[in-house]
Amino acid sequence: MKCEKCGNEYTSMYYFATETICKDCYTRMSEEEKQQIINLQSPLLKNPIEIRQGFGLRFAAVLIDFVILWLITTLIMQFSDFNELINQFNEILKEAQTDPDMLKEAMDFFFENIMFYYLFSTLFTLCYYLTEVLLAGSPGKLILRLRIGTADAQHSDYGKLIIRFLIKHSFYLVLIISLLTKNTTLYLLTFLVFLVVAIGFLFVFSYKRQALHDIISGTAVYKLKDLKENN
(Lines give C-alpha, C1' and ligand atoms only; values in the text may rest on other atoms or scores of the structure.)
Protein backbone atom coordinates (compact mmCIF):
# COMPACT_ATOMS: atom_id res chain seq x y z
CA MET A 1 0.00 0.00 0.00
CA LYS A 2 1.43 3.34 -1.08
CA CYS A 3 0.87 6.78 0.41
CA GLU A 4 -0.17 9.23 -2.30
CA LYS A 5 1.64 12.09 -0.51
CA CYS A 6 5.11 10.67 0.22
CA GLY A 7 5.05 7.61 -2.04
CA ASN A 8 6.26 5.28 0.75
CA GLU A 9 5.14 1.64 0.72
CA TYR A 10 3.49 0.24 3.88
CA THR A 11 2.57 -3.32 4.79
CA SER A 12 -1.00 -2.65 5.98
CA MET A 13 -3.69 -0.04 6.57
CA TYR A 14 -2.51 0.25 10.17
CA TYR A 15 0.03 2.84 9.00
CA PHE A 16 -2.59 4.95 7.22
CA ALA A 17 -4.75 7.74 8.60
CA THR A 18 -6.98 7.50 5.51
CA GLU A 19 -7.15 5.06 2.59
CA THR A 20 -4.40 6.81 0.64
CA ILE A 21 -2.53 9.03 3.13
CA CYS A 22 -0.18 7.64 5.78
CA LYS A 23 -0.22 8.84 9.38
CA ASP A 24 3.01 10.84 9.03
CA CYS A 25 1.75 12.83 6.08
CA TYR A 26 -1.68 13.26 7.63
CA THR A 27 -0.22 14.85 10.80
CA ARG A 28 1.59 17.45 8.65
CA MET A 29 -1.57 18.52 6.84
CA SER A 30 -3.47 21.66 7.84
CA GLU A 31 -6.72 21.31 9.74
CA GLU A 32 -8.60 22.50 6.66
CA GLU A 33 -7.00 19.76 4.50
CA LYS A 34 -7.73 17.14 7.16
CA GLN A 35 -11.39 18.16 7.29
CA GLN A 36 -11.66 17.94 3.52
CA ILE A 37 -10.22 14.42 3.62
CA ILE A 38 -12.60 13.42 6.41
CA ASN A 39 -15.59 14.74 4.46
CA LEU A 40 -14.57 13.03 1.23
CA GLN A 41 -13.49 9.64 2.50
CA SER A 42 -15.46 6.89 4.17
CA PRO A 43 -15.47 6.58 7.95
CA LEU A 44 -14.42 2.95 7.38
CA LEU A 45 -10.95 4.20 6.54
CA LYS A 46 -10.12 5.13 10.10
CA ASN A 47 -7.47 3.30 12.06
CA PRO A 48 -8.74 -0.33 12.17
CA ILE A 49 -8.21 -0.43 15.93
CA GLU A 50 -10.85 2.26 16.35
CA ILE A 51 -13.56 0.13 14.68
CA ARG A 52 -12.71 -3.15 16.38
CA GLN A 53 -15.34 -4.41 18.79
CA GLY A 54 -14.32 -4.64 22.44
CA PHE A 55 -15.82 -6.46 25.39
CA GLY A 56 -19.46 -5.33 25.23
CA LEU A 57 -20.82 -6.75 21.98
CA ARG A 58 -18.42 -9.69 22.01
CA PHE A 59 -19.59 -10.73 25.47
CA ALA A 60 -23.20 -10.34 24.35
CA ALA A 61 -22.44 -12.75 21.49
CA VAL A 62 -20.89 -15.21 23.96
CA LEU A 63 -24.07 -15.12 26.08
CA ILE A 64 -26.27 -15.73 23.02
CA ASP A 65 -24.11 -18.72 22.01
CA PHE A 66 -24.23 -20.07 25.57
CA VAL A 67 -28.03 -19.87 25.72
CA ILE A 68 -28.44 -21.54 22.32
CA LEU A 69 -26.05 -24.37 23.21
CA TRP A 70 -27.59 -24.81 26.66
CA LEU A 71 -31.12 -25.07 25.25
CA ILE A 72 -30.14 -27.59 22.56
CA THR A 73 -28.01 -29.82 24.83
CA THR A 74 -30.61 -29.69 27.63
CA LEU A 75 -33.35 -30.83 25.26
CA ILE A 76 -31.16 -33.66 23.96
CA MET A 77 -30.25 -34.82 27.48
CA GLN A 78 -33.90 -34.75 28.58
CA PHE A 79 -34.73 -37.41 26.00
CA SER A 80 -31.87 -39.67 27.14
CA ASP A 81 -30.99 -41.49 30.35
CA PHE A 82 -28.23 -38.98 31.14
CA ASN A 83 -29.88 -37.55 34.27
CA GLU A 84 -30.53 -41.01 35.69
CA LEU A 85 -26.92 -42.05 35.08
CA ILE A 86 -25.62 -38.86 36.70
CA ASN A 87 -27.70 -39.57 39.80
CA GLN A 88 -26.25 -43.07 39.98
CA PHE A 89 -22.73 -41.69 39.56
CA ASN A 90 -23.28 -39.17 42.36
CA GLU A 91 -24.48 -41.93 44.68
CA ILE A 92 -21.34 -43.97 43.98
CA LEU A 93 -19.19 -40.88 44.63
CA LYS A 94 -20.90 -40.33 47.99
CA GLU A 95 -20.06 -43.88 49.02
CA ALA A 96 -16.51 -43.45 47.70
CA GLN A 97 -15.95 -40.65 50.21
CA THR A 98 -16.12 -43.23 53.01
CA ASP A 99 -14.71 -46.12 50.99
CA PRO A 100 -11.64 -45.12 48.93
CA ASP A 101 -11.68 -48.47 47.14
CA MET A 102 -14.94 -47.46 45.47
CA LEU A 103 -13.31 -44.49 43.74
CA LYS A 104 -12.08 -46.76 40.96
CA GLU A 105 -15.60 -48.16 40.64
CA ALA A 106 -16.94 -44.62 40.30
CA MET A 107 -14.45 -43.79 37.55
CA ASP A 108 -15.18 -47.04 35.73
CA PHE A 109 -18.90 -46.23 35.89
CA PHE A 110 -18.22 -42.76 34.47
CA PHE A 111 -16.14 -43.96 31.52
CA GLU A 112 -18.50 -46.84 30.73
CA ASN A 113 -21.84 -45.03 31.05
CA ILE A 114 -21.45 -41.24 31.08
CA MET A 115 -18.36 -40.41 29.05
CA PHE A 116 -20.27 -40.78 25.77
CA TYR A 117 -22.60 -37.92 26.69
CA TYR A 118 -19.74 -35.58 27.58
CA LEU A 119 -17.95 -36.55 24.39
CA PHE A 120 -21.07 -35.97 22.32
CA SER A 121 -21.71 -32.61 23.99
CA THR A 122 -18.12 -31.50 23.39
CA LEU A 123 -18.12 -32.57 19.73
CA PHE A 124 -21.48 -30.89 19.21
CA THR A 125 -20.13 -27.66 20.70
CA LEU A 126 -17.10 -27.75 18.38
CA CYS A 127 -19.36 -28.31 15.37
CA TYR A 128 -21.52 -25.39 16.52
CA TYR A 129 -18.51 -23.07 16.60
CA LEU A 130 -17.27 -24.22 13.18
CA THR A 131 -19.33 -21.33 11.84
CA GLU A 132 -16.43 -19.14 13.06
CA VAL A 133 -14.40 -20.73 10.26
CA LEU A 134 -17.11 -21.18 7.63
CA LEU A 135 -18.97 -17.88 8.15
CA ALA A 136 -16.39 -15.83 10.12
CA GLY A 137 -18.63 -15.71 13.17
CA SER A 138 -20.44 -17.86 15.71
CA PRO A 139 -24.28 -17.80 15.60
CA GLY A 140 -24.17 -15.24 18.42
CA LYS A 141 -21.88 -12.98 16.36
CA LEU A 142 -23.99 -13.47 13.23
CA ILE A 143 -27.14 -12.45 15.12
CA LEU A 144 -25.42 -9.25 16.27
CA ARG A 145 -23.97 -8.70 12.77
CA LEU A 146 -20.39 -9.10 13.94
CA ARG A 147 -17.68 -10.75 11.88
CA ILE A 148 -14.11 -11.95 12.45
CA GLY A 149 -11.73 -10.06 10.17
CA THR A 150 -8.02 -9.46 9.80
CA ALA A 151 -6.10 -7.07 12.04
CA ASP A 152 -6.37 -4.38 9.35
CA ALA A 153 -10.17 -4.70 9.02
CA GLN A 154 -10.40 -6.86 5.92
CA HIS A 155 -12.35 -10.07 5.44
CA SER A 156 -10.23 -12.90 6.81
CA ASP A 157 -9.02 -15.92 4.87
CA TYR A 158 -9.69 -19.47 6.09
CA GLY A 159 -6.09 -19.91 7.29
CA LYS A 160 -6.37 -17.23 9.96
CA LEU A 161 -9.87 -18.38 10.94
CA ILE A 162 -8.70 -21.99 11.40
CA ILE A 163 -5.74 -20.94 13.55
CA ARG A 164 -8.03 -18.74 15.64
CA PHE A 165 -10.56 -21.58 16.01
CA LEU A 166 -7.94 -24.10 17.17
CA ILE A 167 -6.48 -21.71 19.77
CA LYS A 168 -9.82 -20.43 21.08
CA HIS A 169 -11.30 -23.92 21.40
CA SER A 170 -8.15 -25.75 22.48
CA PHE A 171 -9.94 -26.48 25.77
CA TYR A 172 -12.46 -28.68 23.96
CA LEU A 173 -9.76 -30.41 21.91
CA VAL A 174 -7.79 -31.37 25.03
CA LEU A 175 -11.02 -32.51 26.72
CA ILE A 176 -11.87 -34.81 23.80
CA ILE A 177 -8.40 -36.39 23.90
CA SER A 178 -8.62 -36.87 27.68
CA LEU A 179 -12.03 -38.55 27.39
CA LEU A 180 -10.96 -40.86 24.57
CA THR A 181 -7.71 -41.86 26.29
CA LYS A 182 -9.25 -41.91 29.80
CA ASN A 183 -6.23 -39.92 30.91
CA THR A 184 -7.04 -38.13 34.17
CA THR A 185 -3.91 -35.96 33.92
CA LEU A 186 -5.07 -34.58 30.57
CA TYR A 187 -8.54 -34.12 32.05
CA LEU A 188 -7.04 -31.87 34.74
CA LEU A 189 -5.04 -30.07 32.06
CA THR A 190 -8.28 -28.98 30.40
CA PHE A 191 -8.97 -26.67 33.34
CA LEU A 192 -5.57 -25.02 32.91
CA VAL A 193 -6.12 -24.57 29.17
CA PHE A 194 -9.60 -23.17 29.83
CA LEU A 195 -8.13 -20.70 32.34
CA VAL A 196 -5.52 -19.48 29.83
CA VAL A 197 -8.17 -19.00 27.10
CA ALA A 198 -10.54 -17.25 29.54
CA ILE A 199 -7.84 -14.85 30.73
CA GLY A 200 -6.81 -14.33 27.10
CA PHE A 201 -10.35 -13.16 26.31
CA LEU A 202 -9.93 -10.34 28.83
CA PHE A 203 -7.26 -8.87 26.54
CA VAL A 204 -10.17 -7.29 24.62
CA PHE A 205 -10.12 -4.60 27.32
CA SER A 206 -6.73 -3.45 26.00
CA TYR A 207 -6.21 -0.66 23.47
CA LYS A 208 -5.97 -3.14 20.57
CA ARG A 209 -9.30 -4.82 21.49
CA GLN A 210 -8.03 -8.29 20.61
CA ALA A 211 -8.34 -11.45 22.67
CA LEU A 212 -5.23 -13.62 22.98
CA HIS A 213 -6.43 -15.93 20.19
CA ASP A 214 -6.95 -12.86 17.97
CA ILE A 215 -3.45 -11.56 18.65
CA ILE A 216 -1.87 -14.91 17.77
CA SER A 217 -3.96 -15.49 14.64
CA GLY A 218 -3.85 -11.88 13.42
CA THR A 219 -7.59 -11.31 13.62
CA ALA A 220 -10.09 -9.00 15.33
CA VAL A 221 -13.87 -8.67 15.57
CA TYR A 222 -15.78 -5.94 13.72
CA LYS A 223 -19.29 -4.96 12.81
CA LEU A 224 -20.02 -6.43 9.39
CA LYS A 225 -20.54 -2.99 7.84
CA ASP A 226 -17.04 -1.93 8.93
CA LEU A 227 -15.14 -4.66 7.10
CA LYS A 228 -13.41 -3.78 3.83
CA GLU A 229 -13.04 -6.15 0.93
CA ASN A 230 -9.54 -7.59 0.44
CA ASN A 231 -7.42 -5.66 -2.00
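Things to note:
- Candidate set: the range 182-191, residues that are of a type in the set (S, T, N, Q) and farther than 14 Å from T122 by Cβ; chosen: the one surrounded by the fewest Cβ atoms within 10 Å (Cβ to Cβ): T185
- Against the test of being over 16 Å from the mean Cα position of the chain (by Cα), among the hydroxyl-bearing types (S, T, Y) and over 17 Å from G54 (Cβ atoms), the options T125, T131, T150, T185 yield a single qualifying residue, T185.
- Residues in the range 6-31 that are over 14 Å from N47 (Cα atoms) and of a type in the set (D, E): 2 in all.
- Qualifying residue in the range 204-214 (condition: of a type in the set (V, I, T) and surrounded by fewer than 20 Cβ atoms within 10 Å (Cβ to Cβ)): no
- Lone qualifier among I49, I114 - being in contact with a helix residue (DSSP H, G or I) (Cβ under 9 Å, 6 or more places away or on another chain), closer than 24 Å to S178 by Cα and either assigned to a helix (DSSP H, G or I) or modelled with pLDDT of 70 or more (or both): I114
The values are calculated or read from the model by the stated rules, or taken from the named source; none is laboratory data. Treat the numbers as computed from the prediction; the structure is a model and nothing was measured. Cβ: placed from backbone, ideal geometry, glycine included. Neighbour counts: every protein chain shown.
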